[in-house]
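K.L.:
Sharing a structure, written as structure tokens. Questions coming.
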Amino acid sequence: MNDILHKIQEGMKQLSYKARTVPITHLPEVQEAVGKLIKQGLVNEQLHTRWHFYLDANKNLPEAKTIIIVAMPSPLTRVWFRHKGIEYPADIPPDHFGKKVKESRAQQVLNNVLRPAGYKIAKAHLALKTLAVQSGLAVYGRNNMAYVSGMGSLCMLVAFYTDWFCEENNWQESKMMEACRNCSLCRKSCPTGSIPVDRFLIHAENCLGSLQERDPDSPYWVQLQPDWRNALTGCMRCQFPCPVNKPFLHKIKRGPSFSEQETSLILNRAPWERLPSETQLKLELSDGIYALLGPNLSALIERQTRARQR
Ligand code: SF4
Ligand code: SF4
């Protein structure tokens, strides 16, 4: 194995991260794969715009030669909100909490290896699941989540461009998990019937996670959930029953607690810049997630209060 690649892999291993490389020449295929889905009407244009499929490619580093895709284990995070003297627990899904810290650790590993060798890196805004699956780092589940060995779907992905040329070309056809062959537990659990029988791609336009990203004022989705072990943001229903996730679901990371005052600010949808800096630091949310928090937290409190009264 190339010395640089070996050092990158070792650095990632220390963090329990995993990385794969693909030559930049495959970038048009990533763009084409997404474009094809839009043309076929399988991903609607609005979702496409809101998701991180930035087809204008590697403008951050036009001389890039390689894309490095990294998977980082990411358990559910449980946080607590104090409201009218009662503590309300809430679980935040893998991709929504602590992403910046994890990403910066991955970037640090790459900086430590590539910069001394004279190479540059830049963050890449791409279709991360497509890249992860086509680089062999992940496989698709029937629920269209990316599953990484040793992490299940409880992981985050991040990609970088570099002008270092890596000969190792991991590009391959996307695969569905073997475990999905005779399993449909995720399909049966989906509250909106978004996981079809007759095609691989889920109906993203009905998926609760995507619906909420389009319209943060839709707390009804939370109330739809008969099983309260769902997430504060997004939806985890198709990942909970998955046998492949079994070893990873019990690892729940303890997140911060929010005081009465902080909870009240969130419930009243205080603009981000009006939150105390201490609260901002505690809310290690991914981009765009804060907007969902107020409406979802109201619904969560209402739901938990009703459950306690029963
Ligand atoms: S629940 Fe079953 S079908 Fe769904 S992703 Fe997991 S293994 Fe595949
Ligand atoms: S995230 Fe929720 S709504 Fe979307 S496919 Fe999974 S279970 Fe269905």
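The values are calculated or read from the model by the stated rules, or taken from the named source; none is laboratory data. These figures come from a predicted structure and were not determined experimentally. All Cβ positions, glycine included, derive from the backbone under ideal geometry; neighbour counts span all protein chains shown.
K.L.:
What number of residues within segment 237-266 satisfy the criterion of being in a loop (DSSP other than H, G, I, E, B) and of a type in the set (G, A, S)?
P.N.:
Qualifying residue count, segment 237-266: 1.
K.L.:
If you don't mind, another one. Could you please tell me which pairs satisfy a Cβ distance under 6 Å, a separation of 6+ or placement on different chains, a first residue in segment 138-159 that is hydrophobic (A, V, I, L, M, F, W, C), and a second residue that is within 14 Å of ligand 2 (Cβ to nearest atom) and assigned to a loop (DSSP other than H, G, I, E, B)?
P.N.:
The qualifying pairs are M145/S153.
K.L.:
Tell me, please, whether a residue that is within 15 Å of ligand 1 (Cβ to nearest atom), within 30 Å of I4 (Cα to Cα), modelled with pLDDT of 80 or more and surrounded by 18 or more Cβ atoms within 10 Å (Cβ to Cβ) can be found in segment 167-174.
P.N.:
No, every residue in segment 167-174 fails to be within 15 Å of ligand 1 (Cβ to nearest atom), within 30 Å of I4 (Cα to Cα), modelled with pLDDT of 80 or more and surrounded by 18 or more Cβ atoms within 10 Å (Cβ to Cβ).
K.L.:
Would you pick out the residues in segment 139-166 that are on the phi < 0 side of the Ramachandran plot, within 16 Å of ligand 1 (Cβ to nearest atom) and surrounded by fewer than 19 Cβ atoms within 10 Å (Cβ to Cβ)?
P.N.:
The answer is S149, and nothing else.
K.L.:
Here is a further query. Taking the stated definitions as given, is D198 more than 30 Å from Y290 (Cβ to Cβ), touching an Asp or Glu at 6+ places or on another chain (Cβ under 6 Å) and away from ligand 2 (no atom under 15 Å from the Cβ)?
P.N.:
No; evaluated as a whole, the condition is false for this residue.
K.L.:
Hey, another quick one. Collect the residues in segment 182-212 that are touching a Lys or Arg at 6+ places or on another chain (Cβ under 7 Å) and away from ligand 1 (no atom under 12 Å from the Cβ), keeping them in residue-number order.
P.N.:
Matches in segment 182-212: P191 only.
K.L.:
Filter segment 175-205 for residues that are among the charged types (D, E, K, R), at pLDDT below 90 and under 30 Å from K251 (Cβ atoms) and give the result.
P.N.:
K175
K.L.:
Of the residues in segment 267-289, how many are modelled with pLDDT under 85 and not in a loop (DSSP other than H, G, I, E, B)?
P.N.:
At the first step, the residues of segment 267-289 found to be modelled with pLDDT under 85 are 284-289.
Still in the list and also not in a loop (DSSP other than H, G, I, E, B): 285.
So the count comes out to 1.
K.L.:
Within segment 105-133, how many residues are of a type outside the set (A, V, I, L, M), crowded, with 21+ Cβ neighbours inside 10 Å and within 22 Å of I4 (Cα to Cα)?
P.N.:
Count: 0.
K.L.:
Oh, and also: Mind counting the residues in segment 291-310 that are in contact with a helix residue (DSSP H, G or I) (Cβ under 7 Å, 6 or more places away or on another chain) and either closer than 18 Å to R78 by Cβ or surrounded by fewer than 17 Cβ atoms within 10 Å (Cβ to Cβ) (or both)?
P.N.:
Here the count works out to 7.
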